[in-house]
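Enquirer: Quick one: this structure, given as structure tokens, is what I'll be asking you about.
The values are calculated or read from the model by the stated rules, or taken from the named source; none is laboratory data. Here the structure is a predicted model, which means the values were calculated and not measured. Quick reminder, even Gly has a Cβ in these numbers, built from the backbone with ideal geometry, and neighbours come from all protein chains shown.
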Ligand code: RP5
């Protein structure tokens with residue numbers, strides 16, 4: 001499973017065949033890419049093929065519909081969508097496909113991403129969007145990997161290894177050693 005990223009612009013000539021990406025990473029604007037590239041980096045680390053594309057809910061609505069409708073047949077299994085401001089992209093994608101959609105609220109100048117967060121997280125009943133923190137694209141990549149882990153044992157092993165390494169990094173740091181070593185033993189309560 002090659003972990004390559006195809007970067008596709010908004011022009012139709014760019015929209016050539018890709019090597020079966022499993023995750024679509026969509027940004028409402030190219031200006032969202034610096035945040036979304038953190039999701040791409042995580043997917044790369046796990047060797048998960050993906051594509052990074054501009055799809056705007058308000059500037060290219062037809063492209064949004066086409067992407068959502070064609071994604072399952074193209075082999076896409078999870079969509080990560082980042083947008084800022086009045087951020088309709090994740091919700092509209094979720095409305096147009098049964099694939100799981102992970103929303104990434106993009107930080108904004110005026111409201112520091114609170115606008116993006118509320119636009120994405122407050123989906124009405126019936127069409128869920130799994131929303132990560134403002135700018136939390138790495139977690140979006142991780143969540144996509146965890147969704148895929150149910151079907152791909154190799155990805156499941158990578159998720160476990162990632163978590164184990166993360167835990168060890170904390171435990172091996174100088175701050176974690178010393179006076180709190182006793183915390184490593186689980187506390188057992190006595191039955192009365
Ligand atoms: C949204 O508007 C995009 O997701 C982006 O976060 C924001 C600003 O877009 P640009 O004006 O930088 O293209 O659609």
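Enquirer: With the requirement that a residue be within 13 Å of the ligand (Cβ to nearest atom) and in contact with a helix residue (DSSP H, G or I) (Cβ under 7 Å, 6 or more places away or on another chain), what does segment 118-135 give you? Before the answer, list the steps.
Expert: Here is the first cut: in segment 118-135, the residues within 13 Å of the ligand (Cβ to nearest atom) are 119-120, 134-135.
Hits for segment 118-135 are 120, 134, 135.
Enquirer: Within the bounds of segment 116-136, is there any residue that is under 22 Å from residue 5 (Cα atoms), more than 17 Å from the chain's Cα centre (by Cα) and free of Cβ contacts under 8 Å to residues at least 24 places away in the same chain?
Expert: No: zero hits.
Enquirer: Additional query: Please go through (1) in contact with a helix residue (DSSP H, G or I) (Cβ under 9 Å, 6 or more places away or on another chain); (2) more than 17 Å from residue 22 (Cα to Cα) for residue 165 and return the number of the only condition it doesn't satisfy.
Expert: Only one criterion in (1) in contact with a helix residue (DSSP H, G or I) (Cβ under 9 Å, 6 or more places away or on another chain); (2) more than 17 Å from residue 22 (Cα to Cα) is unmet by residue 165, namely (1).
Enquirer: Out of the residues in segment 75-117 that are out of contact with any helix residue (DSSP H, G or I) (no Cβ under 9 Å at 6 or more places or on another chain) and closer than 19 Å to residue 149 by Cα, which is surrounded by the fewest Cβ atoms within 10 Å (Cβ to Cβ)?
Expert: Across segment 75-117, the extreme among qualifying residues is 98.
Enquirer: Take residues that are within 12 Å of the ligand (Cβ to nearest atom) and modelled with pLDDT of 95 or more and tell me which of the strands (runs of 3 or more DSSP E) falling wholly in segment 1-103 contain 2 or more.
Expert: On the way: elements: 5-8, 23-27, 50-54, 78-83.
Output list reads 23-27, 78-83.
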